[in-house]
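This report refers to the structure that appears directly beneath it.
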Amino acid sequence: MNIRLRSSWWSFGFRSAILLYFFLLVILPIFGIYVQSFSLGWGAFADSVADPIAWKAVLLTVRLAVLAALINVALGTMIGWVLIRYRFPGRRVLNSLVDLPFALPTAVGGLMILLLLGPNSWAGLAAEKLGFEIVFHEPAIVIAMVFVTFPFVIRGVQPLLEEMDASEEEAAYTMGASRPRTFFRVILPTMLPGIVSGGMLAFSRALAEFGAVVLVAGNIPGRTLVASVYIFGQIESDDTQAAAAVSVLLLTLSFLILWGINLVQGRRKRT
Amino acid sequence: MRRLWIGLTYAVFALLIVVPLVKIATGSLEDGVSGLLDALLRPEALHALMMTGIIVVFVTLINTVFGVMLAIYLVRAAWLHPRIKGLLNSIVDLPYAVSPVIGGLMIVLLVGPDTALGALLEGAGIKIVYALPGMVIATLFVTFPLMVREVMPVLQEIGSQQEEAATMLGAYSWYTFWKVTWPSIRWGVIYGVVLTVARTLGEFGAVLVVSGNIMNLTQTATTLVYQDVENFNVVAANGVALVLAAFSVGLLLLMEWAKKRKEVH
């Protein structure tokens, strides 16, 4: 009995410690940032968000993140399809390389883009001759976002294609459907939940991206300054209330997306 | 048609992944091998790599222990109401949605030198922000979901029957864990560890905000790369980046290996 009692005390202590850790590390900080952003009242919050540099940064981020997510939806759908459906030399190597952008530090990713497309590089010079610039302008930000979010759509699509029942596709062919028709009416609907949730994840990650973007964006206020870099700048200049206000805007957006992804996945499980 | 798609896939991989990796390697050797060695043997580079190593060790240990325990509670605990379990389960993912910069800001706001708690701790001689503890906490926040999300599905899959049997036969919970639960979740945990190490090595935004990026004191490998680029010292930045990239590729290979082992079970 004594041992029983002691072990229940132990497990009580354990449970409390784990839940306390969870609360202190994750819940409290998120709660704290919402409190801080409204610490000077609604007026100050509205002022911080209405600052032209702030809302331009947020709009720019949302616009470029949408663009990056769309590019990734197109690339990811194609690559996910090719890697599952076709057998060709090097397939397994490519399949492992998909995760590299996750494993690679984002600052290293940014440096790569800077080296490859920067003003002294071959691609940079060619683009300059054609009359547009890549690095320190919007294209570089989009490329950085695409690189960092590259695996999401591919990894979302692949399991769905693998699980897919071949008989549905065969039935469509037997009934005389053409290849494109079969793809759009049978295969694409199966892939769609993966494409949507992968695209949403890519979008929310692109919204939040900092390391790769800060190195290539040039960070000109109002033109190439994205939201996360703006927040960093406000922290550096000790204006934590403004930083918190813009953070709350971004966080709320990301949480809504996360909730949306859960809905999409929840629906998938039920059907 | 088939050729076209495969060719396009190869083209995307070459442009987006292979060429940049090669470029980092050639870029770091622009001034020859001695240039690379100079960049890596600078005192600040050695210190930065050491800081990154220390953070990796602390974060991996803490995140593994707490992540595995939390995963077990979220799947098995009968003492938690299912509603609460569901709520906690969705909160686990929140750090994914938080920009690393915002993660760092949260810690500055809670325990920074300007806050009551931070001032109290500083009075007691414990510095959190602009010091190692803050950097570890920031990285723990960012890597929090990785372990939980790797272990939970494995636990759900194996079910609780074996554990219940062990308990009925009189095994203590500790013994049950080591003899019954651990062998089945082992590869999931190892995969989670590899993911945690990779994320910790590469963490930049949160650490930059919390550390203040003080050279030879709180600078990590990634923030050193950032500073080198800002100072137009690109060759030096490449040297450190090459080391980081080599570690990432190594971790990627480990991941593949762990994934294969995970599938066997």
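At-a-glance table
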quantity	calculated
Candidate set from the stretch A:210-256 (those that are among the β-branched types (V, I, T) and surrounded by fewer than 18 Cβ atoms within 10 Å (Cβ to Cβ)); member that is farthest from the other protein chains (Cβ to nearest Cβ)	A:I220
Sole residue being assigned to a helix (DSSP H, G or I), modelled with pLDDT of 85 or more and among the β-branched types (V, I, T), chosen from A:T190, A:T224	A:T190
Selection within the stretch B:74-125 - in a loop (DSSP other than H, G, I, E, B), more than 10 Å from chain A (Cβ to nearest Cβ) and either among the aliphatic types (A, V, I, L, M) or touching a strand residue (DSSP E or B) at 6+ places or on another chain (Cβ under 9 Å) (or both)	B:A78, B:A124
Boolean, B:E256 is within 12 Å of chain A (Cβ to nearest Cβ), in contact with a Ser or Thr (Cβ under 6 Å, 6 or more places away or on another chain) and not polar (S, T, N, Q)	yes
Top-ranked residue in the stretch A:257-271 [being of a type in the set (D, E, K, R) and either free of Cβ contacts under 8 Å to residues at least 24 places away in the same chain or surrounded by 18 or more Cβ atoms within 10 Å (Cβ to Cβ) (or both); ranked as nearest to B:L94 (Cα to Cα)]	A:K269
Residue within the stretch B:135-144 that is buried (at least 24 other Cβ atoms within 10 Å of the Cβ), within 13 Å of chain A (Cβ to nearest Cβ), over 14 Å from B:I55 (Cα atoms) and not basic (K, R) present	yes
Residue match in the stretch B:236-243 (condition: outside any helix (DSSP H, G or I) and surrounded by 13 or more Cβ atoms within 10 Å (Cβ to Cβ))	no
Within the stretch A:97-129, considering residues that are free of Cβ contacts under 8 Å to residues at least 40 places away in the same chain and touching a Lys or Arg at 6+ places or on another chain (Cβ under 9 Å), the one nearest to B:V225 (Cα to Cα)	A:M112
Among residues of the stretch A:21-37, those that are touching a residue at least 24 places away in the same chain (Cβ under 8 Å) and small (G, A, S), counted	1
For A:G176: the one exception among (1) out of contact with any Gly (no Cβ under 9 Å at 6 or more places or on another chain); (2) modelled with pLDDT of 90 or more; (3) not polar (S, T, N, Q)	(2)
Total residues in the stretch B:220-243, condition within 17 Å of the chain's Cα centre (by Cα) and either under 19 Å from B:V108 (Cα atoms) or at pLDDT below 90 (or both)	2
Lone qualifier among B:R186, B:R149 - being surrounded by fewer than 17 Cβ atoms within 10 Å (Cβ to Cβ), within 20 Å of the chain's Cα centre (by Cα) and assigned to a helix (DSSP H, G or I)	B:R186
Members of the stretch B:61-73 found to be within 11 Å of chain A (Cβ to nearest Cβ) and either exposed (fewer than 15 other Cβ atoms within 10 Å of the Cβ) or among the charged types (D, E, K, R) (or both), listed by number	B:V65
Residue match in the stretch A:191-207 (condition: farther than 30 Å from A:V248 by Cα, polar (S, T, N, Q) and touching a helix residue (DSSP H, G or I) at 6+ places or on another chain (Cβ under 9 Å))	no
Whichever residue in the stretch B:40-59 is within 18 Å of B:L208 (Cβ to Cβ) and over 14 Å from the mean Cα position of the chain (by Cα) and, among such residues, is surrounded by the fewest Cβ atoms within 10 Å (Cβ to Cβ)	B:M50
Set B:A198, B:A246, B:A206: member being surrounded by fewer than 23 Cβ atoms within 10 Å (Cβ to Cβ), under 18 Å from the mean Cα position of the chain (by Cα) and in a helix (DSSP H, G or I)	B:A246
Some residue of the stretch B:84-99 being modelled with pLDDT under 90, of a type in the set (D, E, K, R) and closer than 27 Å to A:L100 by Cα	yes
Any hit, the stretch B:180-196, residues being within 11 Å of chain A (Cβ to nearest Cβ) and in contact with a helix residue (DSSP H, G or I) (Cβ under 6 Å, 6 or more places away or on another chain)	yes
Lone qualifier among B:E150, B:E203 - being at pLDDT below 90 and among the acidic types (D, E)	B:E150
B:L254 being at pLDDT below 90 and either surrounded by fewer than 21 Cβ atoms within 10 Å (Cβ to Cβ) or assigned to a helix (DSSP H, G or I) (or both)	yes
Cross-chain or 6+ apart pairs with Cβ under 8 Å, the stretch A:77-90 first and closer than 19 Å to A:F150 by Cα, then surrounded by fewer than 12 Cβ atoms within 10 Å (Cβ to Cβ)	A:I84/A:E162
Tally, over the stretch A:58-72, of residues that are surrounded by fewer than 21 Cβ atoms within 10 Å (Cβ to Cβ) and of a type outside the set (D, E, K, R)	8
Residues of the stretch B:152-163 classified as more than 28 Å from the chain's Cα centre (by Cα) and surrounded by 13 or more Cβ atoms within 10 Å (Cβ to Cβ), total	3
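Yes or no, residue by residue, for (1) touching a residue at least 60 places away in the same chain (Cβ under 8 Å); (2) more than 8 Å from chain A (Cβ to nearest Cβ):
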| residue | (1), (2) |
| --- | --- |
| B:W5 | no, no |
| B:A25 | yes, yes |
| B:G32 | no, yes |
| B:V56 | yes, yes |
| B:V59 | yes, yes |
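The values are calculated or read from the model by the stated rules, or taken from the named source; none is laboratory data. Please read these numbers as outputs of a predicted model, since none were measured by experiment. Note that we place each Cβ from the backbone using ideal geometry, even for glycine, and neighbour counts take in every protein chain shown.
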